[in-house]
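Q: One structure is given below, represented as structure tokens, and several questions about it will come after.
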Amino acid sequence: MASTRYVAEGGRRHSTWQDGLGRAGSRCAQILLLLTLITVAVYGLLQVRLLVIPVMIALILAAAIGPFVNLLRRKGVPGALATGIAFLGLLVLLGIVTTVIVLAVRSEWDELVAAATQGLDELEAFLLTGPLPVTQEQLMEGRQAVIDFATSQQVRSGALTGLSAATEFIAGTTLMIVVLFFFLKDGAKIWNFLLRPFKGRREAKLRRAGRRTLEVLGGYVRGTAIIALVDATAIGIALLILQVPLAIPLAIIVFLGAFIPLVGATVAGVLAALVALVANGPVVALIVTIIVIAVNQLEGDLLQPIVMGKSLELHALVILFALTAGTILAGIIGAVLAVPLAAVAWAILQVWTAEDPRVEDLNPDLPPAGSEPT
């Protein structure tokens, strides 16, 4: 056969795949096959994203809440009751946050509309009398363009798309809640069932990979929540002092935005600055911008290294690539999930290749962590 053809050269026999070009071709074929499998897998998962995304979110939340459930069990609380306490506590917390946002928006809506009208008039006057070469005709054209876009067919079709997305959101949220309950209640049984086909060394590695997955996900969620709480508290207090409308909802948006690394808190801070610009004028908006920048610097230089520790051992460039890929594949929810999933993938790879110093028990021939090569 052509693939195993041998050529006689100086009394020796050589395979056509053993020279440099053959080895390169074999490696390229392997890479292409791997990329094809990954592409098909990603495409298949996207087709059932209404199932995959709720399961991923439930797994991340279970990893974060799991230690609390285990603590209750060690205190003598029955497993079902401990799961119910943690589960209901999470639902109550989400309900409180939603109620606070709705009540704050409802109570300050009239004030915001009045302040926005006055702020837009001040902004228009600043643009006409300021250093920028803007004329009244250009402002009128811009206003008309906004009105035309708001009443266009594109916006109406987008509203229908939004209705469909809302229906999917409700269905996905319901599924996530159910899956989360069973992950908290029977997570160990589910994992043991999945590992039944594996024995010996491979089973040990898979169990270690599972523990590292829970450690990375739990540490990431808890650390990010602490950092987000600090960001939201600092910016919320500043907004209250400056009397910016919707200070509490904006602080909650900052908290949620912090779960998108690198860009989430910044975008939420920009939104707060825009509200301050419209409602309070450019001076207050500039102060809010300075506060947002200072808080982001505090987060990046102090909070991230101290709070997160080694739960997210990824370079900033890898995080940026993961955010971009997640956003392209699944939008905002993809951006939220991309970084912890990338961290989990890296942790599992370290366990599987014995590069994690905490897997020496699985590799008796591995030298001690930190030892010099001989």
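Any read-out appearing in this document is the output of simple, stated calculations on the displayed coordinates, not a laboratory observation. The model shown is predicted, which means the values in this text are computed figures rather than measured ones. Ideal geometry is used to build each Cβ from the backbone, glycine not excepted, and the neighbour counts take in all protein chains shown.
Q: What list do you get for Leu184, Leu81 if you sort them by fewest beta carbons within 10 Å?
A: Leu81, Leu184
Q: Taking the number of other C-beta atoms within 10 Å as the exposure measure, put Ile333, Ile253 in order starting with the fewest.
A: Fewest-to-most Cβ neighbours within 10 Å comes out as Ile333, Ile253.
Q: Another question, if that's okay. So if R0 is 22 Å, what FRET efficiency would Ala171 and Ala345 give, r being the distance between their Cβ atoms, rounded to the nearest 0.05?
A: It comes to 0.20.
Q: In addition: Give me the net charge for the shell around Lys199: Cβ to Cβ below 12 angstrom, other residues only, Lys and Arg +1, Asp and Glu -1.
A: So the surrounding residues net to +4.
Q: Once the piece of chain linking Lys199 and Arg106 is laid out straight, how much longer is it, given 0.36 nm per residue of separation minus the C-alpha distance between them?
A: In short, 27.6 nm is gained.
Q: How far apart, in nm, are two points set 7 Å out from the Cα along the Cα-to-Cβ line at Leu35 and at Arg207?
A: 4.0 nm
Q: To the nearest 0.05, how large is the calculated FRET efficiency for His315 and Thr99 if R₀ is 51 Å and r is the Cβ-Cβ distance?
A: In this case the efficiency is close to 0.80.
Q: Determine the sum of side-chain charges near Thr266: Lys and Arg each +1, Asp and Glu each -1, restricted to other residues whose C-beta is under 14 angstrom from that of Thr266.
A: For residues surrounding Thr266, the net value is -2.
Q: Please give, to one decimal in nm, the separation of the simple spin-label points placed at Thr324 and Arg49, each 7 Å out from Cα toward the Cβ.
A: 1.9 nm
Q: Where does each of Asp231, Asp19 land when they are ranked from fewest to most other beta-carbon atoms within 10 angstrom?
A: Going from sparsest to densest Cβ surroundings: Asp19, Asp231.
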